[in-house]
Amino acid sequence: MAVAEEALRRQLGKYKFRDLTIEELKNVSKTYPNFTFSMNTYTFKDGSQKDLLNFSGTVPVKYGNSYNIPIQLWILDSHPFAPPICFLKPTANMGISVGKHVDAHGRIYLPYLQNWSHPKSTVIGLIKEMIAKFEEELPLYSLSSSDAARQSELLSYIAKITEGETDMKSRSKIGGKNEGCFNKITVVGAGDLGIACVLAVAAKGVADKVILLDLSEGAAKGGTMDLEIFALPNVEISRDFSASADSKVVVVTVNSLGNAQTYLDVIQSNVDLFKGIIPAISHYSQNAVLLVASHPVEVMTYVAWKLSTFPKSRVIGVGANLDSERFQYILTNLLKAEVLAKDAWVIGEQGEDKVSSWTSYNLAANQTEGMAARNSRQKVANRAMEVLKGKGQRSWSVGLSVADLTDSILKDRRKVHSISTLAKGCCNINSEVFLSLPCILGTKGVLEVVKLEEDPLVQEKLQSSAGSIHDLQQQLKL
């Protein structure tokens with residue numbers, strides 16, 4: 001069908017990238033003229049509704065014989081930076097073959113959707129992969145007349161789900177709790193770190209619900225499969241971005257496993273991965289705190305901030321929280337310097353360039369005594385840092401640190417943590433870089449950056465880290 005551009009332009013008034021969306025729909029119309037376009041209400045899993053553009057039609061599939069498979073694609077208002085939501089639209093005499101890429105409700109899951117990244121991902125490309133996957137495993141089959149009657153009832157229910165006609169009022173309360181008080185956390189990435197975060201958050205009991213968003217290709221395997229087998233209360237595994245809707249905290253743990261040759265290539269691979277994740281996550285949880293645990297955490301927190309367009313207070317990285325907690329523990333329990341430990345922090349850049357610092361310290365009024373106290377304190381700090389160097393950062397350790405941070409956020413504890421935050425304006429840093437600094441955390445993320453004791457050597461190290469991180473960021477393609 002010919003796309004009525006002016007009518008579409010009016011209908012897509014609330015779409016953030018209207019012109020890009022219209023151009024893509026023109027291409028779809030040329031390639032698949034049988035598709036029809038309309039605006040309808042879509043109901044998300046959390047019960048929220050939105051008027052979205054959708055188009056329906058059939059795609060040709062060869063599976064011995066030739067079949068026309070009916071599908072429906074919903075285009076989100078953040079398109080083309082978020083993938084469409086795809087369904088089969090079987091007639092009453094068709095049954096859904098639940099398989100690797102299709103669930104019982106006809107929802108379609110494909111690697112192309114999981115790896116969606118503008119501008120290389122397009123609706124035409126998506127449909128081509130859909131056809132290829134359907135030719136490997138036909139998603140529909142013919143029903144007998146008796147089965148068709150039962151299928152008709154199921155299709156009516158599915159239509160209500162996908163077209164927003166279900167009564168969602170009963171969902172206004174979850175488990176007797178008001179939805180506004182419902183603490184939901186999403187962990188993105190089902191690798192060792194992602195699973196460690198889920199287990200630590202579940203063990204700490206800080207969330208009413210934990211969503212593990214598995215973006216890996218293919219069926220569940222490894223730890224994800226084990227989580228499905230040994231089901232945990234309040235933990236749900238999903239491959240659908242909409243399952244993350246209205247999360248209070250979203251923890252991003254994904255890291256690219258590509259064949260990049262240089263350090264810059266590795267980071268760029270992670271950036272490309274984030275391009276397909278952060279806009280979608282931000283769309284579904286617009287008031288969330290983004291907590292980044294991907295590597296390198298300073299750069300990837302910056303990337304998440306840019307891609308999400310969230311305020312700086314709501315985009316943070318795990319930073320040196322684990323190192324700081326260990327540092328304080330070593331001072332208190334191993335070196336018996338409990339008085340020093342209260343104000344001791346590890347700050348700056350993760351890795352070899354991290355540095356110890358202090359938020360306050362009552363030096364003696366006498367300058368000589370003050371200098372002696374500083375020297376004594378520094379010797380103790382150096383010993384603690386040497387012990388700290390022998391401690392690796394295993395997935396379960398970082399997971400415990402993530403659970404600690406989410407606890408402070410969800411329960412509004414106003415506790416101080418050394419986390420990656422925008423450092424511009426601190427220590428004469430003028431560039432947009434994220435470094436670990438002691439911050440007060442609450443439900444809105446960073447409430448305040450705690451003032452550090454002035455130390456020229458610490459400032460010099462922070463400025464050096466900021467300079468190298470900024471130079472690296474300038475080479476990335478966002």
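The values are calculated or read from the model by the stated rules, or taken from the named source; none is laboratory data. Remember, it's a predicted structure, so these values are computed and weren't measured experimentally. Please note: Cβ atoms are built from the backbone with ideal geometry, for glycine as well, and neighbour counts cover all protein chains shown. These area figures cover heavy atoms from the full protein model, side chains too; ligands, DNA and RNA do not enter into them. Shrake-Rupley method; radii C 1.70, N 1.55, O 1.52, S 1.80 Å.
Of note:
- Leading residue by the ranking (farthest from GLY13 (Cα to Cα)) among those in segment 38-71 that are modelled with pLDDT of 85 or more and among the aromatic types (Phe, Trp, Tyr): TYR67
- Selection of segment 279-306 for residues being farther than 26 Å from PRO438 by Cβ and not polar (S, T, N, Q) yields PRO279, ALA280, ILE281, HIS283, TYR284.
- Selected residue (criterion: modelled with the highest pLDDT) from residues of segment 72-95 that are in contact with a strand residue (DSSP E or B) (Cβ under 6 Å, 6 or more places away or on another chain) and farther than 18 Å from THR43 by Cβ: PRO90
- Within segment 17-47, restricting attention to residues that are in a loop (DSSP other than H, G, I, E, B) and not polar (S, T, N, Q), the residue that is farthest from the chain's Cα centre (by Cα) is PRO33.
- Residue-level check: of (1) open to solvent by less than 50 Å² (accessible area, probe 1.4 Å); (2) part of a loop (DSSP other than H, G, I, E, B); (3) farther than 21 Å from PHE35 by Cβ, VAL98 misses just (1).
- Some residue of segment 17-34 being modelled with pLDDT under 85, farther than 23 Å from SER308 by Cα and loosely packed, with under 13 Cβ neighbours inside 10 Å: no
- Screening the candidates SER324, SER269 for the property of being of a type in the set (Ser, Thr, Tyr) and open to solvent by 10 Å² or more (accessible area, probe 1.4 Å) yields one hit, SER269.
- Of the residues VAL446, VAL380, the single one that is modelled with pLDDT of 95 or more and open to solvent by less than 40 Å² (accessible area, probe 1.4 Å) is VAL446.
- Residue satisfying condition, being crowded, with 20+ Cβ neighbours inside 10 Å, touching an Asp or Glu at 6+ places or on another chain (Cβ under 6 Å) and not assigned by the TED database to the domain that holds ILE267, within set ILE409, ILE440, ILE469: ILE469
Listed here are the residues, each with its yes/no results for (1) free of Cβ contacts under 8 Å to residues at least 60 places away in the same chain; (2) part of a strand (DSSP E or B); (3) under 16 Å from TYR109 (Cβ atoms).
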residue: ASP51; (1), (2), (3): yes, yes, no
residue: PHE55; (1), (2), (3): yes, yes, no
residue: PRO60; (1), (2), (3): no, yes, no
residue: TYR67; (1), (2), (3): no, yes, no
residue: ILE71; (1), (2), (3): yes, yes, yes
residue: PRO80; (1), (2), (3): no, no, no
residue: PRO83; (1), (2), (3): no, no, yes
residue: PHE87; (1), (2), (3): no, yes, yes
